[in-house]
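The next block holds one structure in the form of structure tokens; read it before the comments.
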Amino acid sequence: MKNYNRTIAILFCSLVCFALQAKNYVVTSPDGHLKATISDNERIEWSITHDGITVLAPSAISIQTTTGNWGTKTRIQKARRHNISETIPTVAYKRAVVNHQCNELVLECQGEFNLIIRAYNDGCAYRLVSKSRKQLTVVSECDEFAFVGNYKAFVPYVNDNRAGERYCFSFESYYDEQSLMDMYPDSLAITPLAVCLPNGLKAVVMETAVENYPGMFLYRNEGSPANTLQTEFAPLPLESVVGGFNRLNLMPTKRADYIALIQAKQALPWRLVLITTADTQLLETNTPYCLAPACRLTDTSWIKPGKVAWDWWNNWNIYGVDFLAGINTPTYKYYIDFASRQNLEYIIVDEGWSSKEDLLEYANDELSIPELVEYGKQRGVGVILWTTWRNLIKDLERNMKHYAQQGVKGFKVDFFDRDDQQVIRSSYEIAACAAKYHLLIDYHGLKPSGVQRAYPNVVNFEGVKGLENCKWEPRVGNGPLHDMPRYDVTIPYLRMLSGSLDYTPGAMHNALRHNFFGNNDNPMSMGTRVHQMAMYVIFEAPLQMLADCPTHYMENQECTDFISLIPTTFDETVPLAGEMGEYVAIARRKGNTWYVAAMNNWTARDLTIDLSHFLTSEANMDCFADGINAHREATDYKHTNGKVNPSMKLSVHLAPAGGWTAILHE
């Protein structure tokens, strides 16, 4: 009898130990190349392989609330699998329709959260979903992205903190190209951040569907395992004061000891690792868009993307007129007349028109917004107004309603310079209120992270080192300090993954490395004229600026006419060639017309554009290329017209920091 009981006890203990053993759960991409593995041994971890090659080593997924630590000794209790296959019609995007396909694994876990993993053909993502029926206080989220080697990375650091506040940043960064171990310890980086793996693979760490939650920073902690990136999040602000540049910001002076208060059953943002075998795949991915919140507007017919005659970059420096140029009604009527002639949809009235403290209080007696709106209406040109975030939200509903009733078409909302939970929540509230009054929104000082799919009236974001930086770029030795042309051919692969970017291209005063200098009042760009023109095809921006002054555009009419023909949203996008930081070539279609462009860094190169990759019939081609002397004089270009067909391969020469662009009418 004793031996029998002993046998039962041993059997019972064995069953208990078996039940407590770690389990591995696997989800594979539809094409079978990518595999994400999730384990619950001691801690919740995930890893990723591509055709058996390790992309991401086992990396912790962990979140701490005031009631517990999820991820440490957390067990997975049940798994459910789904195959997702759907077609998504888009609004203001690089494609008219997106095919959404992935395999999903839903893991029901112990504790306060469940875990969802998705595998796409070009990446894997996870998110946590609260199981709680009440609000939770999230103290921290400590996730890892562990790589197996000391690989080169493209790192966009937080590097211009406002008043030393660690989490206040405009989300505008050049890329430090360095190995993971050479990253500055504990220095925050924003996403997307690229890691260059062997055999041409790249892994891009990013986030999307950020709602009612702070944005994700990455850093290398010297106390962590080598080649591992960790996450950090801005604590929730409790008190703020007016401050920052020209006192345009709200600067937190006191933060909580937690990062977020989340609602019952709230889904947290997706943590996404895109994996590509060729850099050009990053130009066509739809995965971040598919993971973002679905469109919440039942009627989007009123959302009208378009191009904008913009005032601020060119410093209102029009000439050859019989009035004093400046922030006044005659100057903006001049911009409206120009926009009307070029069939541009909008102008922006940038800073200087309103009080800093009350958006309904005009700051300039020489400028009448109602008169401009009416003048623009008569000429088919809408007016968009600039404002600071802190000024707009003082009475959001009142401000939106007032200017919508006046006929204003939207707001450029500036100086967020944070992405803590308060700001992210506000970005959704502004978008929803603007949609209520049929207003477009352009966010500055904030990077895109999914709100633009939920509310497609959010038609652009800054969060990029755009053309404005040329206004104050310092010189070192025989050239500028920062390599803008290299940056120009890096952001299509990285920054554009998050969403559209308000780079504000279109400079007609162009310079090369040896003769460029920063000039705030009469600015120029780095690189050739056609380098600037190519941006209108390559850079995604449903609300796209013409940054130079109308006078300069009229003096360069054939370039202006060409730019004016390029749409800002497309039906199809086809990447043609490229390498991150080196060069890029893209074809985009709108209706029966193809828009094609290429641009490069300071290294001159020759490309072949194979028209069979996108063209289906004979077409008339209108083409701008770098001139034979563009390596000496950046404004030199060659404009040609002719017929082409799908069997042709075009030889394209790009000058240093050069470009090439064409419109093909089938």
Within segment 228-295, which strands (runs of 3 or more DSSP E) (wholly inside it) include 2 or more residues that are within 17 Å of the chain's Cα centre (by Cα), of a type outside the set (S, T, N, Q) and at pLDDT 95 or above? 270-276
For the list (1) in contact with a helix residue (DSSP H, G or I) (Cβ under 8 Å, 6 or more places away or on another chain); (2) part of a loop (DSSP other than H, G, I, E, B); (3) farther than 16 Å from residue 601 by Cβ, I need the number of the one condition that residue 497 fails. (2)
Mind counting the residues in segment 493-508 that are of a type in the set (A, V, I, L, M, F, W, C) and either touching a Cys at 6+ places or on another chain (Cβ under 9 Å) or open to solvent by 10 Å² or more (accessible area, probe 1.4 Å) (or both)? 4
Hits in segment 251-300 (condition: over 26 Å from residue 64 (Cα atoms) and either among the hydroxyl-bearing types (Ser, Thr, Tyr) or without any contact (Cβ under 8 Å) to a residue 60 or more places away in the chain (or both)): 276, 277, 280, 285, 287, 289, 298, 299, 300
Of (1) in contact (Cβ under 8 Å) with a residue 40 or more places away in the chain; (2) closer than 18 Å to residue 213 by Cα; (3) open to solvent by 10 Å² or more (accessible area, probe 1.4 Å), residue 114 fails just (1)
In the set 546, 497, which member is under 16 Å from the mean Cα position of the chain (by Cα) and either of a type in the set (Gly, Ala, Ser) or modelled with pLDDT of 95 or more (or both)? 497
So in segment 622-649, with the set limited to residues that are within 31 Å of the chain's Cα centre (by Cα) and not small (Gly, Ala, Ser), which one is nearest to residue 534 (Cα to Cα)? 624
Select from segment 367-410 the residues that are outside any helix (DSSP H, G or I) and among the small types (Gly, Ala, Ser) and write down the one among them that is most open to solvent (accessible area, probe 1.4 Å). 380
Lone qualifier among 87, 54 - being touching a residue at least 24 places away in the same chain (Cβ under 8 Å) and in a strand (DSSP E or B): 54
Count, please, the residues in segment 57-78 that happen to be open to solvent by less than 70 Å² (accessible area, probe 1.4 Å), outside any strand (DSSP E or B) and β-branched (Val, Ile, Thr). 2
State the number of residues belonging to segment 118-150 that are assigned to a strand (DSSP E or B) and either small (Gly, Ala, Ser) or under 30 Å from residue 222 (Cβ atoms) (or both). 16
What do you reckon, is residue 124 under 19 Å from residue 209 (Cα atoms), surrounded by 22 or more Cβ atoms within 10 Å (Cβ to Cβ) and touching a Ser or Thr at 6+ places or on another chain (Cβ under 9 Å)? yes
Is it the case that segment 474-492 has a residue that's open to solvent by less than 10 Å² (accessible area, probe 1.4 Å), within 19 Å of residue 544 (Cβ to Cβ), in contact with a strand residue (DSSP E or B) (Cβ under 6 Å, 6 or more places away or on another chain) and among the acidic types (Asp, Glu)? no
Looking at segment 524-537, can you tell me whether even one residue there is in a loop (DSSP other than H, G, I, E, B) and open to solvent by 10 Å² or more (accessible area, probe 1.4 Å)? no
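The values are calculated or read from the model by the stated rules, or taken from the named source; none is laboratory data. Keep in mind it's a predicted model, so treat the numbers as computed, not measured. Please note: Cβ atoms are built from the backbone with ideal geometry, for glycine as well, and neighbour counts cover all protein chains shown. Ligands, DNA and RNA are excluded from the accessible area calculation, which covers all protein heavy atoms including side chains. Shrake-Rupley method; radii C 1.70, N 1.55, O 1.52, S 1.80 Å.
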